[in-house]
1. When B:GLY158 is evaluated against the numbered criteria (1) within 16 Å of ligand 1 (Cβ to nearest atom); (2) part of a loop (DSSP other than H, G, I, E, B); (3) at pLDDT 85 or above; (4) not aromatic (Phe, Trp, Tyr), which criterion, by number, is the only one it fails?
2. Yes or no: region B:98-113 includes at least one residue that is assigned to a loop (DSSP other than H, G, I, E, B), small (Gly, Ala, Ser), away from ligand 2 (no atom under 16 Å from the Cβ) and touching a helix residue (DSSP H, G or I) at 6+ places or on another chain (Cβ under 8 Å).
3. Between residues in region B:1-29 that are at positive phi and away from every other protein chain (no Cβ under 14 Å) and residues that are of a type in the set (Gly, Ala, Ser) and within 16 Å of ligand 1 (Cβ to nearest atom), which pairs lie under 7 Å by C-beta distance while being six or more apart or on different chains?
4. Which of (1) at the interface with chain A (Cβ under 9 Å from one of its Cβ atoms); (2) surrounded by fewer than 17 Cβ atoms within 10 Å (Cβ to Cβ) is the odd one out, the single condition B:LEU80 does not satisfy?
5. Taking the criterion of being surrounded by fewer than 21 Cβ atoms within 10 Å (Cβ to Cβ), within 16 Å of ligand 2 (Cβ to nearest atom), in a loop (DSSP other than H, G, I, E, B) and in contact (Cβ under 8 Å) with a residue 60 or more places away in the chain, would at least one residue in region B:54-68 satisfy it?
6. Being within 13 Å of ligand 1 (Cβ to nearest atom) and touching a Phe, Trp or Tyr at 6+ places or on another chain (Cβ under 7 Å) is the filter here; which residues of region B:9-33 pass it?
7. Scan region B:40-77 for residues that are more than 7 Å from chain A (Cβ to nearest Cβ), more than 16 Å from ligand 1 (Cβ to nearest atom) and touching a helix residue (DSSP H, G or I) at 6+ places or on another chain (Cβ under 9 Å) and jot them down.
8. If you go through region B:130-149 one residue at a time, do you hit one that is under 24 Å from the mean Cα position of the chain (by Cα), of a type in the set (Asp, Glu) and either more than 16 Å from ligand 2 (Cβ to nearest atom) or more than 8 Å from chain A (Cβ to nearest Cβ) (or both)?
Amino acid sequence: MNRLLKIEFSKLLSYRTFWILIGIYFVVMGITTMSGMEFLKWLAEKGAQFGEVNIMKVPLYHFPDIWQNLTYVAQYFRLLLGIFVIISITNEFSYKTIRQNVIDGLSRADFIASKVLIILGISIVSTVFVFLIGILMGSIYSPESEMRFMFKHIDFIPAFFLATFNYLLLVMVIALIVKRAGLSIVIVLVYPAIEFMIEVILPGPLEFLTNYLPYHALSNLIDVPFGRYIFLEIRDSVAFSDIALNLLYIPILIWAGYQTIAKKNLS
Amino acid sequence: METVLSTHQLSKQYGRLKAVDKLDLSVPKGSVFGILGPNGSGKTTTLGMLLDVIQPTGGSYDWFGKPGSKEQRKKIGAILETPIFYPYLSAVKNLEVVALIKEVSKDRIPQVIEQVGLSERQHDKYRTYSLGMKQRLSIASALLCDPEVMILDEPTNGLDPQGIADIRQLIINIANEGKTIVLASHLLDEVQKVCTDFAVLKNGTLIYTGKVEDVEKGESKVIVKAEENLENTLANCPLVQGHIPSTNGRFEVTMVTGKTSADLNKYLFDKQVIVSHLETQTKSLEKQFLELLNENK
Ligand SMILES: Nc1ncnc2c1ncn2[C@@H]1O[C@H](COP(=O)(O)OP(=O)(O)OP(=O)(O)O)[C@@H](O)[C@H]1O
Ligand SMILES: [Mg+2]
């Protein structure tokens with residue numbers, strides 16, 4: 001395991017594109033998730049109205065609301081990580097290095113495992129980063145009285161991890177099937193639309209089935225939180241069934257990825 | 001004799017095309033085994049199957065008496081067709097990846113880079129290399145694990161004359177360490193110089209396999225030239241089976257079995273003929289190769 005990760009690192013550490021993408025991800029995600037109050041201020045200046053609510057009083061960064069708000073917004077930046085995953089996989093096909101890796105003594109399963117490990121690593125780092133932002137912003141903005149809710153709804157952090165990990169696994173499978181970077185990015189971008197089209201096509205009583213599709217499954221983990229500030233009912237916790245479904249998808253996606261190269265010629 | 005590699009009815013079909021057809025090969029330990037054949041005869045496909053990058057459609061193969069596995073490939077140094085590396089990494093960094101995959105120490109990297117004469121450029125990115133430099137790096141990579149077996153698919157492709165001579169010497173040195181080398185090449189002269197055994201493929205089928213020394217065993221030809229015309233002398237010489245005039249007043253002489261150019265030289269000297277050119281020609285692999293292909297039309 002450690003060796004496979006080392007192999008992956010030695011492919012990446014001198015690769016500028018890797019650092020650029022990862023760098024942009026953390027900088028842009030960090031800045032955006034930390035400027036919620038600036039955003040509210042801007043809304044207020046524009047004269048936006050939330051009914052009776054004073055916009056500047058919206059407790060975006062108060063414990064425990066912060067966990068859902070933060071993880072929900074942070075999810076949007078995973079496309080950058082997805083592009084990195086696509087490049088790291090399609091490069092191996094366009095440079096033919098997957099072929100040389102196998103000649104040198106990697107099995108096809110090792111190859112997939114090394115990609116899964118790097119995806120796991122990135123998902124963990126990203127989750128820790130979001131967690132630290134949460135602790136920081138929460139501590140700055142939460143009134144004393146809410147500090148004791150610091151770890152209430154912390155379950156959104158593992159949910160964020162799962163959503164990121166499964167998203168990147170899904171991207172991996174697409175990249176392994178498509179094998180070309182540009183086309184993979186396009187398909188990753190339109191893939192959610194495909195799942196929603198299936199939802200539209202299915203007759204009403206069967207529509208719930210789409211919730212079991214991989215993209216629906218991982219998106220359902222964290223519900224849109226902001227409705228609660230205009231007194232809409234939202235689900236402010238992570239559903240156990242969603243966690244279970246996503247856990248189930250991990251082996252399915254890895255297996256699907258393996259099947260794309262298991263019995264293929266690598267030329 | 002111990003066998004390093006054997007294939008049993010190994011086959012690969014692409015649609016209707018039989019790229020490799022029921023191939024039975026056996027490579028003895030310590031041999032330098034040449035695989036010959038015209039373009040598209042299935043050499044690369046065969047080697048690709050032995051290295052698990054091409055899935056056979058039939059038959060099987062054994063390395064050291066066991067079915068192929070990744071553990072075995074870690075101990076094989078192989079280059080297949082064109083050099084393949086990460087273009088954004090330097091020679092050293094690329095070999096570090098290989099060392100990790102093969103689970104060998106990185107300590108040998110400077111040594112193998114030195115061996116192929118790439119030290120000066122070792123920290124430059126791979127994509128800035130010339131074709132010959134890329135080829136040299138792939139040979140360095142094949143040497144990295146100090147392999148028991150090397151598989152070299154056209155290893156001198158793109159190399160300059162010095163590079164070709166270097167690689168030839170390298171192959172000879174490695175073979176002298178008792179290691180086994182499987183070499184696919186179009187340079188028959190090259191194969192004749194370094195190989196002990198060879199096999200010839202045509203349209204995916206094995207049409208010949210044998211020892212290189214047997215090729216050379218056949219009747220020997222001697223090229224001879226003197227100031228005077230040798231026509232009559234040769235015609236009356238009991239050592240000579242036949243002779244045909246060649247360019248520049250030379251004669252191509254077929255000796256009676258067991259007689260050599262030295263015998264001919266002595267005979268002529270005794271007849272007070274001073275030869276100005278005397279050369280023994282062993283039958284070339286190239287000639288045998290072309291004959292084989294023609295026989296199997
Ligand atoms: N991926 C593929 N799809 C279809 N046919 C293929 C494929 N790869 C190889 N072939 C065919 O298989 C045959 C054998 O090819 P191979 O590359 O093994 O030949 P070779 O002996 O290495 O030739 P060369 O001397 O040109 O390197 C050829 O007819 C080739 O066209
Ligand atoms: Mg070839």
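1. For B:GLY158, the failing item is (3).
2. Residues of region B:98-113 assigned to a loop (DSSP other than H, G, I, E, B): B:103-105.
Then keep just the ones that are small (Gly, Ala, Ser); that gives B:105.
Pick out the ones that are also away from ligand 2 (no atom under 16 Å from the Cβ) and you get B:105.
The next check asks that each one be touching a helix residue (DSSP H, G or I) at 6+ places or on another chain (Cβ under 8 Å); those that pass are B:105.
Yes, region B:98-113 contains at least one residue that is assigned to a loop (DSSP other than H, G, I, E, B), small (Gly, Ala, Ser), away from ligand 2 (no atom under 16 Å from the Cβ) and touching a helix residue (DSSP H, G or I) at 6+ places or on another chain (Cβ under 8 Å).
3. Short answer, once both residue conditions are applied: B:GLN9/B:GLY58; B:GLN9/B:GLY59; B:LYS22/B:SER11; B:LYS22/B:GLY59.
4. Evaluating B:LEU80 over (1) at the interface with chain A (Cβ under 9 Å from one of its Cβ atoms); (2) surrounded by fewer than 17 Cβ atoms within 10 Å (Cβ to Cβ) leaves (2) as the failure.
5. no
6. Taking region B:9-33 first, the residues within 13 Å of ligand 1 (Cβ to nearest atom) are B:10-21, B:23.
Once the filter is applied, which keeps residues that are within 13 Å of ligand 1 (Cβ to nearest atom) and touching a Phe, Trp or Tyr at 6+ places or on another chain (Cβ under 7 Å), region B:9-33 yields only B:LEU10.
7. First, pick out the residues of region B:40-77 that are more than 7 Å from chain A (Cβ to nearest Cβ): B:40-50, B:56-69, B:71-72, B:75-77.
Imposing the further condition that a residue be more than 16 Å from ligand 1 (Cβ to nearest atom) reduces the set to B:60, B:62-69, B:71-72, B:75-77.
Passing the criteria: B:TRP63, B:PHE64, B:LYS66, B:GLY68, B:LYS75, B:ILE76, B:GLY77.
8. Taking every residue of region B:130-149 in turn, at least one turns out to be under 24 Å from the mean Cα position of the chain (by Cα), of a type in the set (Asp, Glu) and either more than 16 Å from ligand 2 (Cβ to nearest atom) or more than 8 Å from chain A (Cβ to nearest Cβ) (or both).
The values are calculated or read from the model by the stated rules, or taken from the named source; none is laboratory data. Bear in mind that the values here come from a model prediction, so they are computed numbers and not experimental data. Backbone-built Cβ (ideal geometry, glycine too); neighbour counts: all protein chains shown.
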